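Undergrad: Take a look at the following structure, please.
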Amino acid sequence: MKLNKLTPEEERVIVYKGTEAPFSGEYEKNFKPGIYVCRRCEAPLYKSDDKFDAECGWPSFDDEIKGAVKRVPDPDGARIEIECARCGGHLGHVFLGEGFTKKNTRHCVNSLSLKFIPENVDENGK
């Protein structure tokens, strides 16, 4: 598996399970059609159709691409961490029962953990 080179800040979030500051990420308010992939290994994680504005400061999704995201209890048991199922990169946390959408699920994801691929973009980026 090929892993992309990460900046020190991306590494802090993805490898060392950090969190970017709320309302600072490039994808928090991005609602263009496309797909979100793991910044570290480029595995497809989320479809733009599943993104919604939770007004929490981070990109929020109410569903993942089947089999793409692994749920792991935090060591303190207070939250459920989400990781890329392919490379284990930290994405953020998942919350259930908040009532934001009909699916009643919120994947709260760091923009630094994602890369957005717009719909209708060819292999040359056009």
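Undergrad: Among 99, 111, 41, flag the residue with its Cα farthest along the positive direction of the charge dipole of the chain, charges on Cβ as +1 for Lys/Arg and -1 for Asp/Glu.
TA: Toward the positive end, the furthest listed residue is 41.
Undergrad: Still on this model: Which value at 222 nm does the chain reach when only helices count, each DSSP H run of 4 or more adding -39,500 (n - 2.57), with the total divided by all residues and rounded to the nearest 500 deg cm²/dmol?
TA: -1500 deg cm²/dmol
Undergrad: Using a Förster distance of 30 Å, how high is the FRET efficiency between residue 15 and residue 49, based on the Cβ-Cβ distance and rounded to 0.05?
TA: Efficiency, rounded to the nearest 0.05: 0.55.
Undergrad: Over 22 Å apart: what share of the alpha carbon pairs of the chain falls there, rounded to a whole percent?
TA: It works out to 29 percent of all Cα pairs.
Undergrad: Between their Cα atoms, which of 47/102; 17/70; 51/102; 17/51 are more than 19 Å away from each other?
TA: 17/51
Undergrad: Mean separation of Cα pairs under 8 Å and 6+ residues apart, divided by the residue count of region 26-118: what relative contact order is that in percent?
TA: 31
Undergrad: Only Lys, Arg, Asp and Glu count, each charged at its Cβ (+1, +1, -1, -1), so figure out the dipole size of the chain about its Cα centre, rounded to 20 debye.
TA: 320
Taken together, the values in this text are just the output of simple stated rules run on the coordinates, not laboratory data. All values derive from a computational prediction rather than experimental measurement. In this analysis, Cβ positions are derived from the backbone assuming ideal geometry, glycine residues included, and neighbour counts consider all displayed protein chains.
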